[in-house]
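Report on one structure; see the data block that follows.
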Amino acid sequence: MRAVFVDANDALRALAERIGPKVLPQLAIEFGSADIVPDALPEALAGAPIAVIDHTALPIEIAQRCAGLRDVVFLGTGARSYMDPEALAGIGVGVHLIKGYGDTAVAECAIGLLFAAGRGFAAMDRAMRAGQWLRSEGVQLDGKTLGLVGYGGIAAETARIARGCGMNVIAWNRTPKPAVEGVEFVPSIDDLLARSDAVSMHLLLCDETRGVLSRERIAAMRPGAILVNTARGALVDEAAMVDALRSGHLRHAGLDVFAVEPLPAGHALTTLSNVTLSAHSAFRTPEANERLIAEAFAHCERVMSGSGRSA
C-alpha cells in the first residue's frame, strides 16, 4: 500500500525515512514538498489511499479530486483548522488525529511565553540589538494566579510546571473534569478571567469555541493581565486583543498561533512592543517529533489492517 506525506519538512521526512522501514516495511511512503499548495495535492497523491498531512489545507473540493484517497493521517489534533472531517467522511475519507505526542513540548512553550511576557525579554532583546539599553520592570509570577481555559493533556502539563514555579492554578473546561490536586476548577470562563493574573488558552477549535475569548470577555479580564495562546488563534477575537494591548488593558500577549498563518507582513501584532511572537512552533521538539511520526505509522498500520478509526 502507498502513502504520501504530502508536506514533509526536512526534519519530519528524515524521521519518517528512518522509522517507517523499521516499523512498517510493507508501506511504500512517498514525500511531497513542505510548501505544497492544496491545488497540487491530487497530483502529489496520484491515487494513493493514505495522505499524511502536517500543515496543508485539504478543502472538500480538493479532496473530491484525489482519486483513491481513503484516509488522512493528520499530524496533530487541530485538523479542523485545515479540513472538515465530517465533510470528508461524507465522501468516504476518514481523518485520524494524533493526540498527546507534544503535550510537554507545548506546555513548556506556554510557560516560556508566559515568562517572556512577564519579564519583557523580547522587547529588551530588540532594543539591545538596536544599541539601546532598555530596562523594564517585570512581573514576578510566584504567587500569581494562572487561569487555564480548557483542561486536556497540554493544560495538565502546563499546570504541573506552573505549580512548580509557585503559581496558583485555576481551570475551566467545557465539560466536567475529575478533581486534580493543586488545580481549582471554576464554574465558568467568566469566573476564571476575573480571577486570573495570566490566562493560557488550551481549547480545541470548533464552532462552539471559535471566538470564545470575545471582546467583552477580554474587557472583563483583570487590568494588566497576561494572555498566552498556544492552542488556536481563532479562539480569540484578534482585533479586540490588539486593542486591549494598545490600551494597556492587557499587559502582554505571548502568541504561538494566529487567526491567519503565516502571520502577514506588517500585521498589527508585529507593531506592538508588548507582544512576544512564536511561529506556531510550540510542538516542535525532537522528542515530540519522534513520537509524532511513530504514531503516524501506527495509524497507517491500523488503516492497512482494517482496524483504523477516524478520530
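Between 0 and 90 degrees, rounded to the nearest ten: what's the tilt of helix 103-119 against the longest Cα principal axis of the chain? Its long axis makes an angle of about 30 degrees.
Sites counted here are GluC sites (Glu not before Pro) in a DSSP loop (not H, G, I, E or B) having no more than 13 other Cβ atoms within 10 Å; the longest part of the chain that contains none of them is 1-136. Considering only alpha-carbon pairs that sit under 8 angstrom and 6 or more positions apart, the relative contact order computed for region 112-182 is 27 percent. Per residue, the chain reaches -10500 deg cm²/dmol at 222 nm when only DSSP H runs of four or more residues are counted, each adding -39500 (n - 2.57). On a 0 to 90° scale, report how tilted helix 238-247 is relative to the longest principal axis of the chain, with both axes built from alpha carbons and the result rounded to the nearest 10. For 238-247 against the chain, the angle is about 20 degrees. The angle between the Cα long axis of helix 286-305 and the longest principal axis of the Cα atoms of the chain comes to about 40 degrees, rounded to the nearest 10. When only alpha carbons of region 103-277 are considered, Rg and Dmax amount to 15.4, 52 Å.
Of the trypsin sites (Lys or Arg not before Pro) found in region 248-311, those that fall in a DSSP loop while having at most 10 other beta-carbon atoms within 10 Å are R309.
None of the figures in this text is laboratory data; all of them are computed from the coordinates on show. Source: prediction; values computed, not measured. No Cβ is skipped: glycine too gets one built from the backbone with ideal geometry, and neighbour counts run over all protein chains shown.
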